Amino acid sequence: MSTSSAQASAQTDHASSSVLAVVGAYVVPVEGDPIQDGVVLVRDGRIEAIGESGQVDVPAEAQVVDAGGGWVLPGLVDAHVHLGVWEEGEGWAGQDTNEMTDPVMAAARAIDGINPRETGFDDALMGGITTVNVNPGSGNPIGGQAVALKTYGRVVDEMVLRNPSGVKAALGENPKRVYGEQKKTPSTRLGVALVLRRAFAAARSYQAKVAAADGKHVDSDLVSEVLGKVLDREIPWRQHCHRADDIATALRLADEFGYRLVLDHGTESYLLADVLAEKQVPVLYGPLIVSRSKVEVRERSLRAPGILDRAGVEVSIITDHPVVPIEYLITQAALAVREGMDRDAALRAVTINPARVLGVADRVGSLAVGKDADLALWSGDPLSLQSRVLRTWIDGVEVYSFDEASGTGSVRPR
């Protein structure tokens, strides 16, 4: 059956059954070998079975979708976006990315500024992206708490996978420019690092004060409470940095305070790939298809993800949406393959690797029994620019479909 026929045969109301069977698919589990004529069986929003046709028992009550030889992958994961806090085309009214009134905003939460009806969430579904990590921006040395979300829902609280999924911080040009223009600290790279050290030193003192109180009341310090979770390695420190010297500072600070470091962007990280591999620091690389808009991104390279992967770094590819529109996440992975990245590594970089960084790999990032039924049906190899997403499911519910006859896609009403 062609993918056109597959689409035509799939118009049944997906809500009519809690059991879904996608059959006749080239199934790519990511963690495991592809299955040529595969079946993915879903029950009550979770994957119940995966296997070759004839090996998986499809119940009579199942809604059956014939993939017609199309590729079924786990929903893609973009670990660094500003979806819903940086609303496209809304100007100042939709700009809630940076609270640039205090350099230390660790207590601010991205979840409080997310509009789940923002257009970018629909674009994500069109691109087969079912999980994102929404970050505050990089205007502050400490920008606030990120949140990992599914890309479909009416209310953001219903979409949460992990909150917080990390604390966003920034080194380099952005914070020194923002506060330098305000004539306050920090206005240099030295000052940015000082702000971070002071904040962590205060958090350590707060932790000691709470411990000494032995259960007695201590006035709350929201900033220190959050940074204490970073110091205790409960949540990762998401460090925005581009240049190799800023990356070295990020490593130095992580060594001083012992937290779990994740590099966001890491434009020049490929210059320190061996060091990052030795220290087991993951890199969320990107965005890849942008202009050299400022000094610190002049050395960006499409070859970088492949260099990092071959060195043993756990690398993910990110869009930084809306810097690169989120539906082009897979396009960036394809370009990285063109420039030498291993194909399987590129798929891991937009699925299981970012899921691990976010701490949600037990639910998403690969196709496995027991995981959430977040799937995308592609017309062909997703690393081919000729392929498109035909259907997207989150928790076993179809949330996006493409009609080949009209050439248009539609998102399930929220």
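Less than 19 Å from a label point 7 Å out along the Cα-to-Cβ axis of Leu190: which backbone N atoms in region 134-164 qualify, by residue?
141
Student exercise: in region 153-304, how many lysine pairs 8 or more apart or on different chains have Cα atoms under 19 Å apart?
Details: Lys168/Lys176; Lys168/Lys229; Lys176/Lys184; Lys176/Lys294; Lys209/Lys229.
So the count of such lysine pairs works out to 5.
If packing is taken as the mean number of other Cβ atoms within 10 Å per residue, what is the order of 59-70, 200-211, 235-246, 140-151, highest first? Could you put the intermediate results ahead of the total?
Working: 59-70: 18.2, 200-211: 15.5, 235-246: 23.6, 140-151: 28.2.
Averaged packing, sorted descending, gives the order 140-151, 235-246, 59-70, 200-211.
Report the full-extension gain for the segment Ala93 to Asp33: residue separation times 0.36 nm, less the Cα-Cα distance, to one decimal in nm.
On the way: separation 60, 0.36 × 60 = 21.60 nm, distance 4.72 nm.
Gain on stretching Ala93 to Asp33: 16.9 nm.
Pull out a ≥ b ≥ c, the square roots of the eigenvalues of the alpha-carbon gyration tensor of region 126-243, then state rounded if a/c is under 1.5, prolate if not and a/b is larger than b/c, and oblate in the remaining case.
Values: a/c = 2.48, a/b = 1.13, b/c = 2.18.
It comes out oblate by the Cα gyration axes.
Just to be sure I understand the rule: take each whole DSSP H helix in the chain, project its Cα atoms onto its long axis, keep it if the span is 15 Å or more and its mean Kyte-Doolittle hydropathy is at least -1.0. Which ones pass?
Length and hydropathy pass: 189-213, 244-257.
When ligands, DNA and RNA are left out and all protein chains stay put, how many square angstrom of accessible area per residue does region 299-396 have with a 1.4 Å probe?
Numbers: 3120 Å² over 98 residues.
Counting only protein heavy atoms, the per-residue value for region 299-396 is 32 Å².
Mind ordering 179-188, 213-222, 398-407 by average Cβ neighbours within 10 Å, highest first?
Working: 179-188: 14.6, 213-222: 9.3, 398-407: 16.4.
Going by the mean number of other Cβ atoms within 10 Å, highest first, we get 398-407, 179-188, 213-222.
Under a 1.4 Å probe, what is the accessible area of region 129-240 per residue, stated in Å²?
Numbers: 4600 Å² over 112 residues.
On a per-residue basis, 41 Å².
Percent of accessible area on the chain owned by carbon and sulfur, 1.4 Å probe? All intermediate terms of the calculation are to be shown ahead of the outcome.
On the way: 7760 of 16630 Å².
Answer for the chain: carbon and sulfur cover 47 percent of the accessible area.
When the chain is fully extended, how far beyond the present Cα-Cα distance does Glu181 get from Glu339, taking 0.36 nm per residue of separation?
Full-extension gain reported as 53.0 nm.
May I ask which residue of Ser291, Leu251, Leu263 lies farthest towards the positive end of the charge dipole of the chain, with charges of +1 (Lys, Arg) and -1 (Asp, Glu) on Cβ and the Cα centre as origin?
Of the listed residues, the answer is Leu251.
Need one word for region 81-135: rounded, prolate or oblate. Basis is the Cα gyration tensor (sqrt eigenvalues a ≥ b ≥ c); a/c below 1.5 gives rounded, then a/b vs b/c decides. Intermediate values should be presented prior to the final figure.
Values: a/c = 2.99, a/b = 1.67, b/c = 1.79.
The shape class here is oblate.
Specify the inter-centroid distance of region 283-303 and region 145-222, based on alpha-carbon positions, in whole Å.
25 Å
Spin-label point model (7 Å from Cα, Cβ direction): what's the Arg298 to Thr101 distance in nm?
Reported label-point gap for Arg298 and Thr101 is 3.7 nm.
Using 7 Å Cα-to-Cβ label points, what is the Val369/Gln280 separation (nm, one decimal)?
2.9 nm
If I model a spin label as a point 7 Å beyond the Cα along the Cα-Cβ vector, how far apart are those points for Asp362 and Asp381 in nm?
3.6 nm
Compute the orientation-averaged projected area for region 43-154 from the convex hull of its Cα atoms and round it to one decimal in nm². Each step should come with its number before you reach the end.
Values: hull surface 38.3 nm².
Projected area, direction-averaged: 9.6 nm².
Would you give the gap between the C-alpha center of region 351-392 and the C-alpha center of region 20-74, rounded to a whole Å?
Centre-to-centre distance over Cα atoms comes out at 13 Å.
Pull out a ≥ b ≥ c, the square roots of the eigenvalues of the alpha-carbon gyration tensor of region 176-280, then state rounded if a/c is under 1.5, prolate if not and a/b is larger than b/c, and oblate in the remaining case.
On the way: a/c = 2.97, a/b = 1.47, b/c = 2.02.
Judged from the Cα gyration tensor, region 176-280 comes out oblate (a/c at least 1.5, b/c at or above a/b).
The values are calculated or read from the model by the stated rules, or taken from the named source; none is laboratory data. None of these values were measured; they are calculated from a predicted model. Because the Cβ atoms are built from the backbone with ideal geometry, glycine has one as well, and the counts that use them run over all protein chains shown. Keep in mind that these areas ignore ligands, DNA and RNA; they rest on the heavy atoms of the full protein, side chains included. Shrake-Rupley method; radii C 1.70, N 1.55, O 1.52, S 1.80 Å.
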